[in-house]
Every structure is written in structure tokens, then in C-alpha cells.
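Notes follow once the structure below has been shown.
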Amino acid sequence: MPELASLETGSANSAGGEASLTAAIGVLHRLRDAVRGQVIGRDEMIELAIIALTADGHVLLEDFPGSGKTTLAKAIGEAIGDGQHEKDNDPGREAAHFIAPFRRIQFTPDLLPSDVTGAPIFDSASNAFHFRHGPVFAHVLLADEINRTSPKVQSAMLEAMGEKQVTVDNATYPLDALFFVIATQNPLDLVGTYPLPVPQLDRFLFKITMAHIDRQAELEVLDTWRDRRDNSGGAPVVSRNEILAARATIDREVAIADAIKSTLVDISRNLRADERVLQGNSTRSLVLMLPALQAAAALRGRDFVSAEDIELLLPRVLGHRLELTPGVADLGRILHDNMREPLERLAKSTLA
Amino acid sequence: MQDKASARIRAHPRPAERLERTAPALARAAIIAGSLWLLSLSLTVATGSIAAVAGCVAACLLAKLHENNPLLRQLRAVFIMLAAVALAMLGVILAGWIAGRGLVAALFEPIAAFHLAEAIKWLCFSFALVGAMRILAQRSSVGGIVEVLLVASGFTVVLSAHRNGMINRPFFLGDFALSRGLDPATVLLALGCGAVLLLAALLLVEDNRRRLPYHFALFALLCLSLVGYVRSFGLPTPQMTDDLGLTGNSAQARENPFHDGENNTENKQAPVAVAVFRDDYEPAGGAYYFREGAYSQWNGYMLDFTSHPGMDRDLIPAPGAQARETVGGAGRKPVTTTIGTLVPHRSPFGLDTPVALAPAPNPNPLRFKRTWDAHSLVPQFDLNALLGMAAGNPAWPAEVREEYLRLPDDPRYGELAREITGGLRPQYAADPFAQAWAIKAHLDRNGIYSLANEHAYAEDPAASFLFGDLTGYCMHFAFASTYMLRSIGIPARVGIGYSVPAANRAGGSSLLIQAIHGHAWPEIYFAGHGWVIVDPAPQQTLVDMTTDPQNELQQLLGDMLRGDAAFEEFLAEQAGFAIDWRLARNAMLSLLAALVLAGYAVKLYRLWIPALAGRPAQHRLSYRAALDRLAAVGIRRRFGESREAFARRVGALAPALQALTAAHLAHALGGHRPGPANTGSLAGEDWRGMRRKVGAEIRAGTSAGKRLLAMLDPFSWLRAK
């Protein structure tokens, strides 16, 4: 991937759109670099998280405890400034002081929906009910072990994720436009859990299954944990509004060629025809994938979506949306088999 | 729902898939059946061959169908072998019962019973053999070797007949090849190589064993070079046909023409030469004699080729020369024959008595080693005319006559000769021919023809034979006769060459001389008639000296040697469906040259067009040119690999490709707008520069040899994608 150190200093480009795209790419890179300073050995996960954030999606991590999920979520949350100085220009943000940069909910079987969303509380001073904002009112929310709580709480959480609002006692409270959830589930310890069904999994843009970080990175974590503990909570490097602006710019400026779209459709059709797949992916998953592809391209400094982006994102976007035939487990193989031929056609199309 | 339905439909194999699964099995069945058919051809009748093919195909298909049968897989290999042997034996027993009992023969007719028995025998045999082989081949890779060996042996057995010169077998192949001017041996060898290669390829494909494709390529190369060798140098000729076999005229047996135990009738059918008669001639004695030389001078141990200038003046010293002395006379007739040897042969020979040998044009150097015209004066006189003739040439000096009368210092020869001739009627008692005939008759009656005898290492093998068990072969009879004739004052010598039964000619004009026909015989000189062959023919023989009639081969070789209109007509008759090989070859070569030229043209075009094209097409053309150069040095994108991943992969060799790829993709996928990645150092997109940089990096990173190959390859651009 080309390093774009010189991007900020900018070249003498006349097109305004291009200048703003350069700025948007700069925002993503600043965010990435800041998080990289806090989370070591998880570069790919950081990139995917930033892509999901930029594409306005949420991430489900299948991971084991102590692998740095909280550190990641916290680092992202803290790298995003509240944007207080811009608040005056933003009339839709009167509730902004309820919004925390980062929250974490540990899901347990006895959790109640109000523990997530918040609840009206009787204030004896004003003799009235006041809504007490729950932990979902945050920029970045870490929903730990989401499969361990009851379906009722899960549905409250998923409404928040899907609609960007919570409804309590018929009153609807909007969440921040930046609302970004990193949910986790333990892939092994399944006793007493309520596994998320496929339609609910559909709310997550990515499902990322991760391996342990490599030896060198693990050593580095041990070497630098003291510094990072002391320096945590560094100054925000990007503001909320900058990210929202970057979202808009990337959506507008990063081109998706027709060949890319046909590749996506061809891969989907291949998957649906595959005997090993019981139910293929939805059309919506492809629609959701487009902004993610644009974000991935921008993060790599490109203004067009390329085969690389598909290779990176498609397994993460489609992996949890496919229902495999009973007895078939090798998802990676299935995806690989069905991607190769459309990708080859895409590569050839550029010379045609 | 529709997806599911289509998925369920796809679970059943489509016709193409079914073909893909069964085609290798069918091809293998065809190959093995073909080789079994070839093997069975010489062992059974047509019914048996058909049954063998049927059994083979059935075994192949059944083995394929029950490939995954758990019962079959659990069975021990030993039991499978035993079952196969039992089945084969059952077939033999059943066939014996059918053919042996009169029941079936009575119900139908004897010939039907015989065919039925053959069919059952071969069906069981081939089913058992191929079935066991297939099951073993499916189990282990060693089993596959047995299979390849069987196929190879099927062709080798047929080819081994060729080794003895039976170039016309099998007939359908021989005719096909000969009518097109090809050597049948090469055709059969090519077929065999092709079958073995195909079978090896099938084993490679089906069993998915880790044999490397280039192992197979090497194997193919070996087979091809074998065919090429045979095409250029012919088949290796067995050395033993060089000598005259039974006459002992070979280098190592020079001192001792009697070599026991070395003679056998194994290669008796091997053709040695073919003679074409230009004149009408039918021998009176029932055999054609071709004289090659004679043992006439006593060397202290036995008779040998003469070194005396006065002796054997009728023999021709070298081809092209003439006999120094000829005896014409009323009893002899000039006959010309053309002779072509099929194996290397020491000295030329001619029909008795050759007077001149003249080299003749060789119509087929691949087939005939040497060809010559032999002009002979053949004897036509009645043997009775020889009665009363004086033996020996009055013109001989005394010392020559003396030489022709020398024999071992053994009184028994004279005693026996006088005893035999003593029984002649008084009026013939002193007549040389009558005496010679009496000696011949004695040997005819009492001698036993055999190739296994123990006389060779006796001091005088002829004495050991004559005064021993009288068991020996032509050499013994010839020497013994000659010594006896000499002992009673008749000048005689041992003639060597070939003697072919007159019946072998079968009415045609050509005569096939085979190894078995090598011969030696006693000859007597009669004044006015020259050397006359008086050949003993023992009535008892321990050796089967008969040969199968080789009429087709005889006629075929004769036609080839004659090179005359008949053969040309035969070729012309076949020309309707013959292929003009020269034209076909030239067409192929031209096509190949045109293809190569077109390849170079496209290659150069794709390499140079970016320099001439305008900017809109540059991103495509420049990138393609770079890909072409990489493909030429063997670096190409893998199937399904993205362009970026490919650029990263070759980053070590050509880092500039990454920039070129990024620029190319920005245009191809990015709506023709220079992307941020292409700003800065790449602003304005210096296509020419990027292209050249990639080229320079490839040059710097590859060896000169590889670059030379890359330059020469006309189709390197086909690999760029």
C-alpha cells in the first residue's frame, strides 16, 4: 500500500472534490495512526474498525478475553474529539453533553434493556421524570459478550444499532450520528448463551475472527504497556464533525466502477449456486458493502475501489451472512472458490 | 427457493460431468483391451480374441463401478489373486470339457464347440487377469505398473515378430504402412508408445498421485526418441543371422565350422534374403541351392576356404567380379535372379552356379541391406547323364587335383567308402557318380539329422559323426561325404550357402530365404558339367525343419525388391486414400512458420504500440507492454490474483510495476481521473518513463540467457494476463 506522507502538504490540484478527499484521507490516517499508538499488533483489525466507522457500520469480533478489544474501542473513542467548539454551529446536538467518547457494556443474562438504553428517573426536586441516558449514548460502544444476554436486551441493543435511536416509554431519543458499536462474542464458551440468529447478525457490517498477535508484537506489548498506561487518554486527533465530513466526502468522491459492481454480484450469485451454501447472502449485504469498499479504498489512498478492497472486505462482510449446508464448515474455502473466477474476470476487464 | 432447487438439481451429475468421470475408465478399458487383443491374436481364433476383449472391458468397467465397494476393499490382495487364478482355471477346465465331450459337438457341430470353448477360455482368462490387475492398480501405485507392463508387452510380442523380419505382421497394419511407404515397425512402435503414454497419463490424471508432469514429459521424450531411433536406424538386427546359422560361416567359428549347442531352431523363420527370379527355372532336385562359397583345401585339420589360385576358379571372389572359369555346356541354362539381403551378410551368393554378381539398385535401403543381380548357369541335365562321366577336370594341374583329394589321415573313410560302393552292380562299380550316389544313399538311410550333437570338440568331428552315432547336421553329412568321396579318388568339396525347398516358391516369382535354409552339401566335379551337388538327405530327423508358409511376406518383399510396375500399381491403387506425407509435412511446416511469424508480429506490436498511441489508451497499452515483458521472463499473474497483489509479488524484481499498476487501475476503475495516489512524483503520469523503468528493472534482475529466451519466444504475450 502506498504510503501517503506527502498527502497533507497537498499538491496543486485544482479540483475541489479532490482536495476534500485528500483531507478525508488525512482524517482516516490520523485516526489510524493514533489508534496504532495504543493497540499493538492489530493493524488489520484497526483498519477494519476504521473502515466500519467510516462506512457507518458496526463490527462483531469473535475473540477471546484479553486480546485488546477494550483497548481498541477505547483508543478509537478517545481519538475522536467531542467537537465542543463546533457545537454552537450544530443545532442538532443539544444532547451532546450526554455523549461519552467511549462506553463499555458487559452483557450478562440478568441485564435489563434499561441498563443499556437508560431509564426515566423521578427527580424529587423538579417533581418530574427525567431521562437518564444509558451507556449507548456514546461515540464508540464496546458490547462485550453480546450473546450472553437475553434476547430482549439484544433486541434493544440491535434497535439502537439499526435505527440510531432508543425508545423508552414511548419516548424516542436519538443517538449520535457517529454511533459505532464493537460487539464481541467468545467463539468457544457457549454454555448459557443466546446465539445471535442470522437476521440479527445482519446488523453487523463485519464479523471478524481473529488470531493471536504474533510473537514480536506480543513482546512489544509487554515492553510498552507501562508507557501506554501512563499516556492513555491522549488528546483527540480528529473531531466528530471531521469524521462525519469524511464519510460524506468518501461517499461522494470514491468511484465504484461498473466492473466492481458486476464482480460483487457475480460472487454473490456463485455463492447462492454453491451446493455447500444453504442460504446465500442478501442484496442488502452488497448495498452495505459499497460504503465499506469506498472507505477501504480511501484508507489505502485510492479514489477508486479495486479488487484488493473486495479481497479484504468480502469475507468479513459475507462470512456471517451465509448459512452453510449442515456438515460443511470450511467457509474460507467456499469464499475462495467462489471469488476466484469473478476476480479473474475483473482483473482481465482492466485490459479490455 | 429457486436457488435451492437448482442446487438440488446440480447434485446429480450433468452429462458433461458424467463423461468426465467415465471417459478415463473407458479409455483405459479400450487400451488394455487393445493390447490383450494383440496378445491373443497369435494364440487363438477370432472368437477367442473377441471374447478376450469383451472380458477385459467388462472387468475394467466392473472394477470402476465397485471402486468404493467396502466389501471389495476389505478383501486381502492374496484372495483376489487366488480368485483370479481360480476363475482362469475354471475357464480352462470348462473349455476343455466343452471341446472334449461330444455333447456340445453333437448338439451343434464340432467347429462351434471349438469356438465356444475358445470364447469361454479367453473370456475367463482376460476377465480374471484384467479384473485382478485393475483392483490392484486401484489399491496401490505398484499395481499400475503391472498394467503398463501388460499394455507394453501386448505391443512387444507383436513387435518381436518384427525382430525376425516378419514386417508384414499384423497384416492390417503392415499393409497400411507399406502402402504409404512407411516402415511398419515404426508405425507399430509409435502405436505402442502412444498407448503406453496414454495409459500412463490416465494413471496420472485419475489417481492424483504426486507424479510430476515433467516426469511424464521425460517419459514421452524417451518414447519419442525410441521411435525416432527406429525411424532413422531401423530396428536392432539380431547378430546371429549374420552367419549362415547352420553352416558356421561366422567370424568366431572360423577355425571350427562345427559348433554344437549354438545351433537352434529358435530363429529359423527369420528372413535372411529374398530372391526374385528373372527367368523361368524349376530345380530338378526339389530344392533351390544358393552357393556362397566352398570348403575345398585341406589345412591340416579340416577343409577350409582355399588360398590356392588354381582351386575353386568357379567361385566369385567379390561382388561385381566374374567367375574365372565357367562350365556352360548343353546341360546348363542361364538364369538371372535379383537378390536382396534383409540382414547384414558377409558375402553375396547366387543360385547354383553363379557366374557373375552385379550390384543392383536398392529400391528400399531401409529394408534391404544389399542388393545384387546374380547371373547363374543352373543345372538342367538329367542326373543319369552323369553316369559314366569322369570326375575331375582334365585341365587341372596335378597339384590342384591332389588338393581336391586330400583328407584326414584316417583309413576308416576309405574302408567305409569301399564297403558302401562295394555293393554296386559291376557295371557301375568304378563309376564316380554311381559311387557318390551310393554314399549319399547310405547316409540317407542311416544318418539322423539333429542339431544337438557332441562332435564339435572331437579331433575330427566328421569321423566322430560318421563312425559314431551318425547323428549330426548338414555340416557333418557334407564333410563325411566329401572325405569318403575323396578317399576313393573322386574330387569333391563342401559347398556352403542356402537350400530352399522348391515348394516354398508357391508359384510366385520370388523366393524367401530364411535362417533355417542355411546349408552345406558335398559337391563333385564332373568333366563338362562342373561342380554338381550330391546332397545327402537323411530320412530320420530329430529337428522340425519345416517353416510356415510365408507367401504374403515372400511376395511383398519380392515386389519391393523388384520395384517394378506391379508394386507401383499396388501403391497407385492405394493412393486413393493415401496421405501425401511430403505435402502434409510442408503444409504443417508452413502453418507453423506462419504461426511463429504472426506471434512475433503481435509481440512486437504490443511492445511498441504504446510509443505511438495517444494518451487515452496509454494506461492500457503501457501496462500491457510491461505485463508482456514480465510474462516473457516467466512471471505472470496467477488465476484470480488481483493486479495489486501481482505487483507486490514481483516487487522484488520490478518495484516500478506497483506505480504503473496503480496508475493503470486508477484509469481503468477510477473514472479516468488521476487519483491521489498518482499525484506528487507521478503527476502527469509519465507512462513512457514508468514503462521504461519496469523494462530496466527486468533487464537488471534477470540473467542474459533468460532474456534471450524471452526475446526468442514468439508467444510470450499469450501468457500475459
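The values are calculated or read from the model by the stated rules, or taken from the named source; none is laboratory data. Bear in mind the structure is a predicted one, so any value in this text is a computation, not a measurement. Cβ: placed from backbone, ideal geometry, glycine included. Neighbour counts: every protein chain shown. In case anyone asks, the SASA skips ligands and DNA or RNA and just uses the protein heavy atoms, side chains included. Shrake-Rupley method; radii C 1.70, N 1.55, O 1.52, S 1.80 Å.
For the range A:35-53, the count of residues that are closer than 27 Å to residue A:132 by Cβ, touching a helix residue (DSSP H, G or I) at 6+ places or on another chain (Cβ under 6 Å) and either at pLDDT 85 or above or more than 14 Å from chain B (Cβ to nearest Cβ) (or both) is zero.
Among strands (runs of 3 or more DSSP E) lying entirely in the range A:171-258, which contain 3 or more residues that are under 18 Å from residue A:68 (Cα atoms) and of a type outside the set (Val, Ile, Thr)?
A:180-185
Residues in the range B:582-636 that are in contact with a His (Cβ under 9 Å, 6 or more places away or on another chain), within 14 Å of chain A (Cβ to nearest Cβ) and without any contact (Cβ under 8 Å) to a residue 60 or more places away in the chain: 2 in all. Pairing each residue of the range B:383-412 that is assigned to a loop (DSSP other than H, G, I, E, B) with any residue that is surrounded by 14 or more Cβ atoms within 10 Å (Cβ to Cβ) and of a type in the set (Lys, Arg), provided the two are 6+ apart or on different chains, yields C-beta distances under 6 Å for B:392/B:401; B:405/B:486; B:407/B:486. Note on the range B:638-661: residues that are at the interface with chain A (Cβ under 7 Å from one of its Cβ atoms) and touching a residue at least 12 places away in the same chain (Cβ under 8 Å) total 2.
Could you check, for the range B:477-498, whether at least one of its residues is over 24 Å from residue B:386 (Cα atoms) and in contact (Cβ under 8 Å) with a residue 60 or more places away in the chain? There is no residue in the range B:477-498 that is over 24 Å from residue B:386 (Cα atoms) and in contact (Cβ under 8 Å) with a residue 60 or more places away in the chain. Working only within the range B:674-688, note down all residues that are in a loop (DSSP other than H, G, I, E, B) and either modelled with pLDDT of 85 or more or more than 7 Å from chain A (Cβ to nearest Cβ) (or both). Residues satisfying the conditions are B:674, B:684, B:685, B:686. For beta carbons closer than 9 Å, sequence separation of 6+ or different chains, a first residue in the range A:18-31 that is facing another protein chain (nearest Cβ under 10 Å) and a second that is open to solvent by less than 10 Å² (accessible area, probe 1.4 Å) and of a type in the set (Asp, Glu), the qualifying pairs are A:18/A:303; A:21/A:303; A:25/A:303. Within the set A:224, A:263, the sole residue that is at pLDDT 90 or above and either open to solvent by less than 50 Å² (accessible area, probe 1.4 Å) or within 25 Å of residue A:301 (Cα to Cα) (or both) turns out to be A:263.
Entry remark, the range A:278-309: residues being away from chain B (no Cβ under 11 Å), open to solvent by 10 Å² or more (accessible area, probe 1.4 Å) and not in a loop (DSSP other than H, G, I, E, B) number 8 in total. Residue A:275 meets each of the listed conditions (1) assigned to a loop (DSSP other than H, G, I, E, B); (2) touching a Leu at 6+ places or on another chain (Cβ under 8 Å) apart from (2). Among the residues making up the range B:405-415, those that are more than 27 Å from residue B:426 (Cβ to Cβ) and open to solvent by less than 80 Å² (accessible area, probe 1.4 Å) are B:408, B:410. Looking at the range A:238-254, is at least one residue within 13 Å of chain B (Cβ to nearest Cβ), touching a residue at least 12 places away in the same chain (Cβ under 8 Å), among the hydrophobic types (A, V, I, L, M, F, W, C) and surrounded by fewer than 23 Cβ atoms within 10 Å (Cβ to Cβ)? Looking for residues that are within 13 Å of chain B (Cβ to nearest Cβ), touching a residue at least 12 places away in the same chain (Cβ under 8 Å), among the hydrophobic types (A, V, I, L, M, F, W, C) and surrounded by fewer than 23 Cβ atoms within 10 Å (Cβ to Cβ), one finds none in the range A:238-254, hence no. The set of residues in the range A:310-352 being within 9 Å of another protein chain (Cβ to nearest Cβ), of a type outside the set (Ser, Thr, Tyr) and part of a loop (DSSP other than H, G, I, E, B) consists of A:351, A:352. Candidates B:340, B:331: the one that is crowded, with 19+ Cβ neighbours inside 10 Å and within 34 Å of the chain's Cα centre (by Cα) is B:340.
A residue that is assigned to a loop (DSSP other than H, G, I, E, B) and either open to solvent by less than 10 Å² (accessible area, probe 1.4 Å) or in contact with a strand residue (DSSP E or B) (Cβ under 6 Å, 6 or more places away or on another chain) (or both) cannot be found anywhere in the range A:150-163.
Residue B:311 falls short on exactly one of the conditions (1) of a type outside the set (Phe, Trp, Tyr); (2) modelled with pLDDT of 75 or more; (3) surrounded by fewer than 19 Cβ atoms within 10 Å (Cβ to Cβ), and that condition is (3).
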